[in-house]
Amino acid sequence: MKYFGTDGIRGQVNSGNINGDMFFKFGLAAGKYFTNLKKRKQTAIIAKDTRLSGYALEPALVSGLASAGMHVYTLGPLPTNGLAMLTKSMNANLGIMITASHNLFYDNGLKLFGPDGLKLSDKIQKKIENLIDSKVQKHLSNPKKLGRVKRLETGTDEYIKICKKKLSRNFKLNNLKVVLDCANGAGYKSAPKLIRSLGAKLKVIGNKPNGFNINKNCGSTFPEKLQRNVKKFKADLGISLDGDADRIIMCDEKGSIIDGDQIIAALALQWKKRKILKGGVVGTLMSNYGLEKFLKEKDIKFLRANVGDRYVKELMQKKKFNLGGEQSGHIILGKFATTGDGVLVALEIIKSMNRKTKASDFFNVFKKIPQILENIKIKDDKILKNHSVKRSIKIAKKLIKNQGRILVRKSGTEPKIRIMGESENKILLKKCIKMISKEFK
């Protein structure tokens with residue numbers, strides 16, 4: 001792919017592809033692809049997170065879509081899954097989320113959804129890429145066929161309404177003490193409003209976005225803030241979202257962090273008991289081996305997809321599984337959503353817990369295999385093809401064979417190489433990781 005990575009388009013604002021000129025082209029190309037399908041005006045809806053750059057990029061995107069003949073509705077800040085849900089409920093042909101997810105404010109990007117609320121496939125994205133690289137004039141519509149643009153202020157309330165329909169009518173959080181970290185991101189309005197409406201005693205942090213503080217020392221990538229506040233507030237549990245609210249990292253009443261693998265394990269166990277687990281669980285190449293081993297012991301099928309919640313969802317659909325996700329907190333509840341939704345996952349967790357059970361007893365159901373993850377910034381996109389790099393990876397994998405595993409991959413969202421290793425032999429694991437990482441420094 002030339003423009004799209006594992007999760008849409010992402011990069012630093014006003015460099016590379018993340019600028020007004022390119023966003024106009026993205027909008028024009030996506031609009032042309034969808035209007036070509038039925039040769040008539042179609043509808044796109046746009047939501048965003050709280051980055052300052054969203055105000056510069058959104059008008060360019062809107063202009064491209066309208067210039068291709070699509071009607072456009074803008075919703076303002078809304079979680080990614082809220083955008084996916086409304087794309088489906090509003091019968092829109094295209095949903096676009098302007099976000100760089102868990103990245104800091106200086107990055108931004110796009111996530112694209114089809115009318116079914118699912119992220120666009122590689123095949124469709126490739127067709128849009130081909131249109132981006134063709135002459136702009138070919139895609140501009142006749143002046144009479146330009147699309148109309150309208151701002152909708154009801155997005156948050158509509159999203160909450162859909163979420164509540166997915167919960168049982170008598171589901172309440174009365175007297176449950178919860179700390180919620182919104183990462184100063186897309187969920188800063190909807191998440192507190194939804195959880196409060198269910199009766200929880202809520203302490204909210206990370207809910208004062210200023211355009212620059214999204215994900216900064218807060219949210220799912222910085223759970224230390226959640227830990228401190230759970231202890232200070234003496235909460236029953238903590239919920240931490242990322243910039244576009246499609247991830248969740250939790251915290252028990254003792255302040256211990258619960259990652260995506262532990263959340264998936266706890267849910268899989270409960271869903272199996274309630275006989276609502278279908279097929280099994282989809283993880284990724286990064287999922288802890290301890291999770292795979294635990295699910296096998298519980299006679300629950302476990303499959304690994306490529307990294308990225310889009311690939312998790314695709315494999316879930318193919319195998320007809322209804323639970324999947326990533327260690328990072330992207331968790332897809334097949335019966336509720338087409339993509340990750342931190343708040344919905346939190347509510348399903350609470351629903352699955354006996355109210356008399358402490359979070360520390362409910363989670364940590366399996367022992368994690370020691371895992372090291374190292375992220376290294378790179379300038380050369382093709383560095384993994386380097387002979388010495390390939391040689392070091394081969395030697396490291398041979399050393400750790402039968403005692404663990406090594407995974408080296410290029411990030412699909414950032415200019416980074418991610419090195420992950422797992423083994424009970426920590427000394428050997430560190431040696432192998434070091435052997436590989438020095439090749440990139």
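The values are calculated or read from the model by the stated rules, or taken from the named source; none is laboratory data. None of the values given here were measured: they were computed from a predicted structure. Neighbour counts are summed over all protein chains in view; Cβ atoms, including those assigned to glycine, are modelled from backbone coordinates with ideal geometry. Ligands, DNA and RNA are excluded from the accessible area calculation, which covers all protein heavy atoms including side chains. Shrake-Rupley method; radii C 1.70, N 1.55, O 1.52, S 1.80 Å.
Might you let me know whether region 238-261 holds any residue that is of a type in the set (Gly, Ala, Ser), without any contact (Cβ under 8 Å) to a residue 60 or more places away in the chain, within 17 Å of Met353 (Cβ to Cβ) and assigned to a loop (DSSP other than H, G, I, E, B)? No, that holds for no residue. Within region 392-408, can you find the residues that are assigned to a helix (DSSP H, G or I) and either surrounded by 13 or more Cβ atoms within 10 Å (Cβ to Cβ) or in contact with a helix residue (DSSP H, G or I) (Cβ under 9 Å, 6 or more places away or on another chain) (or both)? Those that are assigned to a helix (DSSP H, G or I) and either surrounded by 13 or more Cβ atoms within 10 Å (Cβ to Cβ) or in contact with a helix residue (DSSP H, G or I) (Cβ under 9 Å, 6 or more places away or on another chain) (or both): Ser392, Ile393, Ile395, Ala396, Lys397, Leu399, Ile400.
Filter region 355-379 for residues that are hydroxyl-bearing (Ser, Thr, Tyr) and in contact (Cβ under 8 Å) with a residue 12 or more places away in the chain and give the result. Ser360, the sole residue that qualifies.
If the condition is being out of contact with any strand residue (DSSP E or B) (no Cβ under 8 Å at 6 or more places or on another chain) and either under 26 Å from Glu58 (Cα atoms) or among the acidic types (Asp, Glu) (or both), then region 164-187 contributes only Asn184.
Over 24 Å from Ala191 (Cα atoms) and either open to solvent by less than 10 Å² (accessible area, probe 1.4 Å) or over 20 Å from the mean Cα position of the chain (by Cα) (or both): does that describe Met97? The answer is no for Met97. Of the residues making up region 71-91, one or more are within 23 Å of His330 (Cα to Cα), within 17 Å of the chain's Cα centre (by Cα) and of a type in the set (Gly, Ala, Ser). Give Val230, Val178 a once-over and let me know the one that is part of a helix (DSSP H, G or I), open to solvent by less than 20 Å² (accessible area, probe 1.4 Å), modelled with pLDDT of 95 or more and farther than 21 Å from Thr80 by Cβ. On inspection, the qualifying residue turns out to be Val230. Count of region 7-27 residues, restricted to those that are surrounded by fewer than 21 Cβ atoms within 10 Å (Cβ to Cβ), in a loop (DSSP other than H, G, I, E, B) and at pLDDT below 95, is 2. One residue stands out in region 193-227 among those that are in a helix (DSSP H, G or I) and open to solvent by less than 10 Å² (accessible area, probe 1.4 Å): the one that is farthest from Ser256 (Cα to Cα), namely Leu194.
Residue count for region 318-353, restricted to those that are open to solvent by 20 Å² or more (accessible area, probe 1.4 Å), touching a residue at least 12 places away in the same chain (Cβ under 8 Å), in a helix (DSSP H, G or I) and more than 13 Å from Ala266 (Cα to Cα): 1.
How about region 294-317: which of its residues are in contact with a helix residue (DSSP H, G or I) (Cβ under 7 Å, 6 or more places away or on another chain) and outside any strand (DSSP E or B)?
Across region 294-317, the qualifying residues are Phe294, Leu295, Lys298, Ile300.
Looking only at region 60-88, filter to residues that are without any contact (Cβ under 8 Å) to a residue 60 or more places away in the chain and open to solvent by 10 Å² or more (accessible area, probe 1.4 Å); which one of those is nearest to Leu37 (Cα to Cα)? Ranking the candidates gives Ser63 first. Among the residues of region 287-306, the ones that are farther than 18 Å from Leu118 by Cβ and open to solvent by 20 Å² or more (accessible area, probe 1.4 Å) come to 11 in all. Taken over region 353-381, residues that are out of contact with any strand residue (DSSP E or B) (no Cβ under 6 Å at 6 or more places or on another chain) and among the β-branched types (Val, Ile, Thr) amount to 2.
Considered as a group, the residues in region 307-316 that are touching a Gly at 6+ places or on another chain (Cβ under 8 Å) and modelled with pLDDT of 90 or more include one that is surrounded by the most Cβ atoms within 10 Å (Cβ to Cβ), and that residue is Val312.
Between Ser423, Ser411, Ser437, the distinction of being touching a helix residue (DSSP H, G or I) at 6+ places or on another chain (Cβ under 6 Å) and open to solvent by less than 30 Å² (accessible area, probe 1.4 Å) belongs to Ser423 only. When residues in region 233-245 are screened for being surrounded by 24 or more Cβ atoms within 10 Å (Cβ to Cβ) and either within 11 Å of Val178 (Cα to Cα) or out of contact with any helix residue (DSSP H, G or I) (no Cβ under 8 Å at 6 or more places or on another chain) (or both), 6 of them pass.
In region 246-279, how many residues are at positive phi and open to solvent by less than 10 Å² (accessible area, probe 1.4 Å)?
Of region 246-279, the ones at positive phi are 255, 275, 279.
Checking which are open to solvent by less than 10 Å² (accessible area, probe 1.4 Å) leaves us with 255.
The qualifying residues number 1.
Restricting Asn184, Asn91 to residues that are at positive phi and open to solvent by 80 Å² or more (accessible area, probe 1.4 Å) narrows the list to Asn91.
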